[in-house]
1. Would you call residue 256 in contact with a strand residue (DSSP E or B) (Cβ under 9 Å, 6 or more places away or on another chain), aliphatic (A, V, I, L, M) and within 9 Å of the ligand (Cβ to nearest atom)?
2. If you check residue 2 against the conditions, is it under 17 Å from residue 103 (Cα atoms), without any contact (Cβ under 8 Å) to a residue 40 or more places away in the chain and open to solvent by 10 Å² or more (accessible area, probe 1.4 Å)?
3. Does residue 241 count as open to solvent by less than 50 Å² (accessible area, probe 1.4 Å), among the charged types (D, E, K, R) and within 16 Å of residue 280 (Cβ to Cβ)?
4. Which pairs have Cβ atoms under 8 Å, sit 6 or more apart or on different chains, and link a residue in the stretch 109-132 that is touching a residue at least 40 places away in the same chain (Cβ under 8 Å) and assigned to a strand (DSSP E or B) to one that is crowded, with 19+ Cβ neighbours inside 10 Å and acidic (Asp, Glu)?
5. Find the residue count for the stretch 14-69, including only residues that are in contact with a helix residue (DSSP H, G or I) (Cβ under 7 Å, 6 or more places away or on another chain), aliphatic (A, V, I, L, M) and under 30 Å from residue 119 (Cβ atoms).
6. Quick test for you: out of 48, 63, pick the one residue that is over 18 Å from residue 223 (Cβ atoms), of a type in the set (Lys, Arg) and away from the ligand (no atom under 11 Å from the Cβ).
7. In the stretch 49-76, what count of residues is obtained for those that are of a type in the set (Val, Ile, Thr) and either under 17 Å from residue 286 (Cα atoms) or open to solvent by less than 90 Å² (accessible area, probe 1.4 Å) (or both)?
8. Quick one: residue 230 ticks every box in (1) surrounded by 22 or more Cβ atoms within 10 Å (Cβ to Cβ); (2) near the ligand (Cβ under 10 Å from one of its atoms); (3) closer than 16 Å to residue 73 by Cβ bar one, so which box is it?
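The values are calculated or read from the model by the stated rules, or taken from the named source; none is laboratory data. What you are looking at is a predicted structure, and each value in this text was computed from that prediction instead of being measured. Using ideal geometry, Cβ is built from the backbone for each residue, glycine included, and neighbour counts are taken over all protein chains shown. Only protein heavy atoms, including side chains, enter the accessible area calculation; ligands, DNA and RNA are left aside. Shrake-Rupley method; radii C 1.70, N 1.55, O 1.52, S 1.80 Å.
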Amino acid sequence: MDVLRTANPVWVGSSELTMTLDGITACIDAGAGAVVAKSVNESAAARRQLDIAGYAFVSGDRRVRPTGSADLGDGLLNRSGLAQVELDEWLGVLAAAVEHGAPGNCPVLGSITLGDANAAARIGRAMAAVVPAVELNVGAPHGREARAVRQLTEVDAVHDAVRTVRAAVDVPLFVKLPGQASDVVALARAARSAGADAVGLVGRYPGFLPDLDGGAVLGSWGAWGSPACLPMSLYWVAKTRLALGPGTPLIGTNGARTAADVLRFLASGARAVEVVTALWIKGPGVLADLVAGVEAYLSGRDPEEFAGSALAGTRDYADIPPNPSPAWLPYTAPSGR
Ligand SMILES: Cc1cc2nc3c(=O)[nH]c(=O)nc-3n(C[C@H](O)[C@H](O)[C@H](O)COP(=O)(O)O)c2cc1C
């Protein structure tokens, strides 16, 4: 079974919204192409971190929204932790969720956020008995703040972790990478050569936002994502698609809020897109809009044919001829200065 060939390319990514059976089934029923369950790992500290979770939706002019008034254009700064559940109990939740998704062909994936690679391998092996695919997140944006989750930014570290988990998992293994690395394409190549079946691009970023009334939003560092991150995510999707070719399936994430954004991920080379913050803002019902918008645009065209279509006319700087007149001329200082 090709787990990436889902009924539609709009997937729900891992977050607290997919941390319970009710949360996952709500996403399935709302029309997700696939649902990635909340991450787990072996560490009690990673679970405890959920006890200090905090979420701030931030408007385009960097103001924290009052509760319940977030807008799709907002960014989200948050602290977060992993699911507070024992593995046996979690496998039962995953099995029930997989069963719920089956009639509508909506796969439910297990997810592990890397702590220790050998422990991730043990968890992955157990998960593989109940889910059609496992996603391994090696790019947790909280990695510097919380040692119990890791953000790997070096080729060797990604390769070793993926190889260890790959050896234990006998279903497709997807590896989600950080965007905050000097060469994400090299990380994708390392993940692939260590046996990843697909690569997820890219995780959210560490962030910090002073509150000008005093102190800082959330009173700490956090993980940050916003619609403005979209071109940064698309950069790595497009570069990875060009470097590794269509034979390496890519899953886009970080910054898609609308159907047009999902299409932009596909046009950059992704086969599926994991959306999360849009659901925090609008609820799972937003999936219907996203799926309808994508399907209307593609009007029957296979999303896989569309994948990477924006790359056809993309040139390297060196191949672009000089402008006949300086392009920056209209942007010189206004008169009077
Ligand atoms: C509150 C919150 C919790 C998240 N928890 C996880 C997690 O446990 N594991 C994981 O791989 N990604 C996690 N993510 C990342 C999302 O799966 C997704 O990749 C990211 O939010 C970017 O997509 P978006 O711009 O649609 O939100 C989390 C994101 C948010 C906002």
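1. yes
2. yes
3. Taking the combined requirement at face value, the residue does not satisfy it.
4. Correct list of pairs: 109/135; 110/135; 111/135; 112/135.
5. So the answer is 9.
6. Just one listed residue meets the conditions, 63.
7. Residues meeting the conditions: 2.
8. Of (1) surrounded by 22 or more Cβ atoms within 10 Å (Cβ to Cβ); (2) near the ligand (Cβ under 10 Å from one of its atoms); (3) closer than 16 Å to residue 73 by Cβ, only one is false for residue 230: (1).
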